[in-house]
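A short reminder: the numbers here are calculations on the coordinates, not readings from a lab. What you see is a predicted model, and the numbers here were worked out from it, not measured in a lab. Note: ideal-geometry Cβ built from the backbone for every residue, glycine included; neighbour counts use all protein chains shown.
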There are 2 protein chains.
Amino acid sequence: MSPISATTASARTAIRRLDVREPEFLPTLDALLAFEAEADERIDAAVTEILRAVRTTGDTAVVEFTRRFDGLDVHSMAALELPKSELHAALERLPSAQREALTVAAERVRAYHERQKGESWTFTEADGTRLGQKVTPLDRVGLYVPGGRASYPSSVLMNAIPAKVAGVGELIMVVPTPRGEKNPLVLAAAAITGVDRVFTIGGAQAVAALAYGTQTIPQVDKIVGPGNAYVAEAKRRVFGTVGIDMVAGPSEVLILSDGSGHADWVAMDLFAQAEHDELAQSILLCTDAAFIDAVHEAIDRLLPTMPRRDTIAKSLAKRGALIRVDSLEQACALANRIAPEHLELALDDAEAWIDRIRHAGAIFVGHWAVEALGDYCAGPNHVLPTMRSARFSSPLGTYDFQKRTSIVNISQAGAQHLGRVASILAHGEGLQAHARSAEMRLKA
Amino acid sequence: MSPISATTASARTAIRRLDVREPEFLPTLDALLAFEAEADERIDAAVTEILRAVRTTGDTAVVEFTRRFDGLDVHSMAALELPKSELHAALERLPSAQREALTVAAERVRAYHERQKGESWTFTEADGTRLGQKVTPLDRVGLYVPGGRASYPSSVLMNAIPAKVAGVGELIMVVPTPRGEKNPLVLAAAAITGVDRVFTIGGAQAVAALAYGTQTIPQVDKIVGPGNAYVAEAKRRVFGTVGIDMVAGPSEVLILSDGSGHADWVAMDLFAQAEHDELAQSILLCTDAAFIDAVHEAIDRLLPTMPRRDTIAKSLAKRGALIRVDSLEQACALANRIAPEHLELALDDAEAWIDRIRHAGAIFVGHWAVEALGDYCAGPNHVLPTMRSARFSSPLGTYDFQKRTSIVNISQAGAQHLGRVASILAHGEGLQAHARSAEMRLKA
């Protein structure tokens, strides 16, 4: 902390102060929540060209784009694959505290995701008809890991571990290494999680290579992991050819407070969200006006001490809010409207309020359950639905790397009973071949 | 059947005959499977305009588009809502055989989907930390039902029942009624399944109304159900604002045969797929060349007797195939490559081969398990992954109308242990506010 920023510590930090009793509160809140990624024609056109080139010429195009965009002086795909020995060497060279922290985090994430594993089931009816559902892991999955500043080892853990727990046959990671810069923590995380192959490629060309396959890179069945606007657009385009995870929006936290707990903790939890980027959203809903003042004061006092204070300040000013509410019941209703990615229940009696929450990616219950623990090592996944999509979608999980097949084994007796029903309904829909295929199995 | 078609009964029906031993077999197969919906700029532009208009003016735009596209002389949204009494009246007026068939089908589909219901779970660690996953039904779902020829009551059952089993609060159905034509079976199916509201609107305007909400139609959280190219494009566009189910391609069946069973049954099962539309795909893989000849003969003989013979003939000629394979092991490997929507194991010993199949939407096991039973009343869903997406996706199910929220309740003791791990990893990622929010909970 420089002396200069210390002297500005008491300046008032710009962040919206709202009250539910204001007449225009709900429209103001909705405007604050609204976020739409802008369509960018330049990106669309670039992605179209990259997908086409990789689909047509495979390795040649990938190598050429990697030379051009990442400044790597390579001439073959083989030079862009990292041997497993390099991943393990990265893990061995880590300071022991980091290696142990990664290992503990990976173990906890693995244990939690084991509980999400789906199992096949069947049941047999009285006439011998057997119905069920067969659960199968995906054959091959691609994991995108961004390069540069947003290259996070925790993201490797959170995407690779559920895939491995599900039983995915082969997990292929791609991570760009601009000008050859490799992130040792990311490589170590790949070693710990048992990633099968790693290619140092990125951008839309990496997504295309995974989706279509090249001479060197095998085609995958699903692509997961975060990326920039080019990666997101490429994933959207290849959806259908392969599966994709959600396309994430800016990260969000909503903190519900009754004025219990520490204002400094709440302020720092808001910062932890805001430091991701300027578009991240940090909102406090609190029944206690004095506590809101204390949080604002803590923000003013702590902000200058933060290395990422510029990003935090912009995020709080642009998308943050401290909101006074009349009751916790009202706060829960607003939380369901907001459907936040992360919800902290910073309440003394937090457990009692979980049942009121219908829409959130993850609920952090009580003062000790700070979101950062969930981001790294509590066990649940940190890939969560953003932009109100918690209304209809779920955290990334083991279930995203398994899929189901219906099993329909009809007995001869069952075909008699069911065939008559199917025949009537098929004729009702004008589908006579459907009807006759059922009728042919009827014993007159 | 006219006398004219009877005289042509012995004409050879056009359908590809392939053999795995041909040198170009795999490329030929892949070309046969390849299907990409063509982008249509006219549709894109129309959908853009419709979405914008409905988002801006709500009911006014919906009423106007419905007048224009469906030829309905209405002037308010209220006139486009069907009262529940009309649904129940449609059910009461059905011939009793149809009413009973619909009821039996609905009960069986409900019983199967009850078994897919996810349940919340939590577990507590030694230090008091409690982790888990809370399962919540979606609040409100929109169900699109096509009008005209493709207006299928079975589709209402298959989409509405899993939503109701999941516990969805409100289910809103939209179904266009061009020139006022209503399908009584569709209305009856809505009554049986407990659909909450029905609007007689369709096209991109109906999708927009559900996704954005209007003065009369409440915004939903997810939209499911099949539709034409305008509906599919509109669903793609509103994805993110609301959830959507898969965008389906042409329907497909793959039949595996060892030459046991009846050639007529196999021929009719191929017809049942082909009668959907010209793009539907019907393929037989068989180890027995004589049986393939018998199936082709049955096709020649039975085709002229089918009311939808023109569609069937075009589909078989364009996208069908009778393929000789060397062994059932090879047939299963090809089935996994094809990843069909529907797979019939037309084998005497069919159960033994289920484990070899990794990728299929539904597996129909044995000679009695004809696909038509699954389409209507066996119990499993008939909305299944097409176009090889069974590699990474699942049948529509109860799970599609529930979503999960992670529960992270950290004890004070847990925050000490986990806080140190999180702090190390957060510093490693350069996210100091994450680190400090964890460190603040540490007791020195």
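From helices alone, the protein assembly as shown scores -13500 deg cm²/dmol at 222 nm; the rule is -39500 (n - 2.57) for each run of n ≥ 4 DSSP H residues, then divide by the residue total.
Share of Cα-Cα pairs in the range B:249-392 beyond 28 Å, in percent? More than 28 Å apart: 9 percent of the Cα pairs in the range B:249-392.
Using the per-residue mean of other Cβ atoms lying within 10 Å as a proxy for protection, in what order, highest first, do the peptides B:363-370, B:29-36 fall? Display every interim value, and only then the final one.
On the way: B:363-370: 25.6, B:29-36: 13.4.
Put in order of decreasing packing, that is B:363-370, B:29-36.
Which whole-angstrom value gives the distance between the alpha carbon centres of the range B:190-264 and the range B:273-315? If you average the Cα positions of each part, the centres end up 28 Å apart.
Descending by average beta-carbon neighbour count within 10 Å, the peptides B:435-443, B:251-259 line up as B:251-259, B:435-443, the highest first.
Between B:E107 and A:D293, the simple label model (points 7 Å from Cα in the Cβ direction) yields a spacing of 6.7 nm.
Each Lys or Arg adds one and each Asp or Glu takes one away; over the other residues whose Cβ falls under 10 Å from the Cβ of B:L131, this sums to +2.
Expressed as cubic angstrom per residue, what is the convex hull volume of the alpha carbon set of chain B? Let's see the in-between values first.
Working: hull volume 93.8 nm³, N = 444.
Normalising the Cα hull of chain B by residue number yields 211 Å³.
Counting only other chain Cβ atoms within 10 Å of each residue's Cβ, the peptide A:407-417 averages 6.
For peptide A:353-365, compute the average count of partner chain beta-carbon atoms within 10 Å of each residue's beta-carbon.
Numbers: counts 0, 7, 1, 0, 4, 8, 6, 5, 4, 7, 7, 5, 7.
The mean count of partner-chain Cβ atoms within 10 Å per residue comes to 5.
Does the range A:144-296 come out rounded, prolate or oblate, given a ≥ b ≥ c as the square roots of the eigenvalues of its C-alpha gyration tensor, rounded meaning a/c under 1.5 and, failing that, prolate meaning a/b above b/c? Verdict is prolate for the range A:144-296. The string of couplings for the range A:82-98 from the Karplus curve (6.51, -1.76, 1.60, θ = phi - 60°) is 8, x, 4, 4, 6, 5, 5, 5, 4, 5, 5, 7, 5, x, 4, 4, 5 Hz, one whole number per residue in order, with x for Gly and Pro. For the options A:G169, A:G320, A:G374, a Gaussian network treatment of chain A with springs between C-alpha atoms closer than 10 Å singles out A:G169 as fluctuating the most.
Shielding by partners for B:235-241, please: the mean number of other protein chain Cβ atoms within 10 Å of each residue's Cβ. Mind dumping the intermediate values first?
Details: counts 0, 3, 0, 0, 4, 10, 4.
Average neighbour count from other chains, rounded to a whole number: 3.
How much net charge surrounds B:I312 when only other residues with a Cβ under 14 Å from its Cβ are counted (Lys, Arg +1; Asp, Glu -1)?
Working: positive: A:R436, B:R301, B:R308, B:R309, B:K314, B:K318, B:R319; negative: B:D269, B:E275, B:D277, B:E278, B:D300, B:D310.
Local charge sum for B:I312: +1.
Please report the antiparallel percentage of the DSSP beta bridges confined to chain A, to the nearest 5. If you can, show how the numbers build up before the last one.
Working: 14 of 51 bridges.
The antiparallel proportion sits near 25 percent.
Taking every alpha-carbon pair within the protein assembly as shown, the share separated by more than 52 Å comes to 18 percent.
I want the local charge near A:E100. Using Cβ-Cβ distances under 11 Å, sum +1 for each Lys or Arg and -1 for each Asp or Glu among the other residues.
On the way: positive: A:R99, B:R420; negative: A:E107.
Residues close to A:E100 contribute a combined charge of +1.
Applying 1/(1 + (r/R0)^6) with R0 = 45 Å to the Cβ-Cβ distance of B:H262 and B:K84 gives a FRET efficiency near 0.50. Pairs over the 25 Å Cα-Cα cut-off, from the set B:K84/B:K164; A:K134/A:K443; A:K314/B:K403; A:K134/B:K403; A:K117/A:K222; B:K182/B:K318: A:K134/A:K443; A:K314/B:K403; B:K182/B:K318. Residues whose amide H comes within less than 5 Å of that of A:I255, counting only those at least five positions distant or on another chain, are A:I283, A:L284, A:L285, A:E344 (H built at 1.01 Å from N in the peptide plane). Taking 0.36 nm per residue of sequence separation and removing the Cα-Cα distance, the A:T56/A:E36 pair yields an extension gain of 3.9 nm.
You can think of it this way: the chain between B:E170 and B:A45 has 41.8 nm of extra reach, that is 0.36 nm per residue less the Cα-Cα gap. Karplus-based coupling profile of the range B:127-142, in residue order and whole Hz: 8, x, 5, 10, 10, x, 8, 9, 9, 10, x, 5, 5, 8, 10, x, with θ = phi - 60° in 6.51 cos²θ - 1.76 cosθ + 1.60 and x standing for Gly or Pro.
Rounded to the nearest 5, the antiparallel percentage of DSSP beta bridges internal to the protein assembly as shown is 25%.
Sort the following peptides by mean Cβ neighbour count (other Cβ atoms within 10 Å, averaged over residues), highest first: B:151-164, A:111-124, A:148-161, B:286-299. Spell out each step's value before the answer.
Values: B:151-164: 25.7, A:111-124: 15.9, A:148-161: 22.8, B:286-299: 18.9.
Result, highest mean first: B:151-164, A:148-161, B:286-299, A:111-124.
Each residue of the range B:203-215 is assigned a 3J(HN,Hα), and the resulting list reads x, 4, 5, 5, 4, 4, 4, 5, 6, 9, x, 10, 4 Hz, derived from the Karplus form 6.51 cos²θ - 1.76 cosθ + 1.60 (θ = phi - 60°), x at Gly and Pro.
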